[in-house]
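First comes the structure, then the notes that go with it.
The values are calculated or read from the model by the stated rules, or taken from the named source; none is laboratory data. Fair warning: this is a prediction, and the values are worked out from it, not measured in the lab. Neighbour counts are summed over all protein chains in view; Cβ atoms, including those assigned to glycine, are modelled from backbone coordinates with ideal geometry. Calculation scope for accessible area: heavy atoms of the full protein, side chains included, ligands and nucleic acids excluded. Shrake-Rupley method; radii C 1.70, N 1.55, O 1.52, S 1.80 Å.
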Amino acid sequence: VTVSPDAIMHIDRCGCIQMLSPASLTLFGHTEAAHLLGQPLLSLVSPADRERARGLSETGGVERRMELSLLRRDGSSVLCEVSSAVVPQPTGESDERLVYARDITARKQAEASILHLSRLYALLSHVNQAVARSQNQSELLHAVCVAAVEQGGFRLAWVGMLDSTSSRVVPVTHAGHD
């Protein structure tokens, strides 16, 4: 428990933290266990996720796993994969649980970045196809705008041309929300 990179907490039947690993202190931004011991685990869950988090403390011996936003001491939040399992007791019944929390913020940011790059690659591919297939400039520019919205994930794309007489950019085509 002391060398685990994940936060590990022993939660009693009232939902309060009774024991915790050193990684728990790091995750929540605390330096002393006394700040967290006896605290309800739900008080460390972002208000938006508290109702879903109640499922972690349900009894029944089933391991539960979900993504939750947990609150740090400074008020910031950290996205975690949180799992919970019943602590076995000699009597066979237990309301106590072990809760494991892993910071997945960096993983989620990397996934979002990969998704963004994939959309841009799809956009580039469709633009290349439009260049090869378009019969005229107007068709090409419209196809590029449509690709930017449909493949690139942009809400709006437009192309403007400079009007040499007025020195203004005049929209010539667009796609997406106006």
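Using a cut-off of 10 Å between beta-carbons, work out the net charge of the residues near residue 5 (Lys and Arg +1, Asp and Glu -1, residue 5 not included).
For residues surrounding residue 5, the net value is -1.
Could you put 79, 124, 44 in order of accessible surface area, largest first, with the 1.4 Å probe and the full protein assembly present?
124, 79, 44
Determine by what factor the alpha-carbon radius of gyration of the chain differs from 2.2 N^0.38 Å, reporting the quotient.
Working it through for the chain, the quotient is 1.66.
Can you list residues from other chains, or at least 5 along the same chain, whose modelled amide H is less than 5 Å from the amide H of residue 46?
69, 70, 71
Give the angle, between 0 and 90 degrees and rounded to the nearest 10, that separates the Cα long axis of helix 105-133 from the longest principal axis of the Cα atoms of the chain.
That works out to roughly 20 degrees.
Output ³J(HN,Hα) for the range 37-44: one whole-Hz value per residue in order, computed from phi by the Karplus curve 6.51 cos²θ - 1.76 cosθ + 1.60 with θ = phi - 60°, and x for Gly and Pro.
Ordered by residue, 3J(HN,Hα) equals 4, x, 7, x, 4, 4, 5, 9 Hz.
Run the 1.4 Å probe and let me know the accessible area of residue 19, rounded to the nearest 10 Å².
So the heavy atoms of residue 19 present about 120 Å² to solvent.
Which Cα, out of 145, 100, 123, lies furthest along the positive dipole direction of the range 94-178 (beta carbon charges, K/R +1, D/E -1)?
It is 123, whose Cα lies furthest towards the positive end.
So if the hydrodynamic radius of the range 18-57 is defined as the Kirkwood radius over C-alpha pairs, what does Stokes-Einstein give as its diffusion coefficient at 10 °C and 1.306 mPa s, in µm² per second?
For the chosen part, D equals 145 µm²/s.
Can you divide the C-alpha Rg of the range 68-127 by 2.2 N^0.38 Å and report the result to two decimal places?
So the range 68-127 has a normalised radius of gyration of 1.88.
Rank 72, 64, 52 by accessible area, highest first, at a 1.4 Å probe radius?
Final ranking, largest accessible area leading: 52, 72, 64.
With +1 on each Lys and Arg Cβ and -1 on each Asp and Glu Cβ, and nothing else charged, work out how big the dipole of the chain is about its Cα centre, in Debye to the nearest 20.
So the dipole magnitude of the chain works out to roughly 340 debye.
Whole number in Å², please: accessible area per residue of the range 65-178, 1.4 Å probe, ligands, DNA and RNA not counted.
For the range 65-178, the per-residue accessible area is 67 Å².
How big is the range 1-101 on each of its three principal axes, counting only the C-alpha atoms and giving the largest first in Å?
Cα spread of the range 1-101 along its principal axes, largest to smallest: 40, 29, 22 Å.
Within the accessible area of the chain, what % is carbon and sulfur when the probe is 1.4 Å and the other protein chains stay in place?
55 percent
Tell me the Kirkwood radius of the range 47-150: reciprocal of the mean inverse pair distance over distinct alpha-carbon atoms, in Å.
Result for the range 47-150, one decimal place: 17.9 Å.
In the range 119-178, which trypsin sites (Lys or Arg not before Pro) are in a loop and have at most 11 other Cβ atoms within 10 Å, using DSSP for the loop call?
Passing sites in the range 119-178 are 155.
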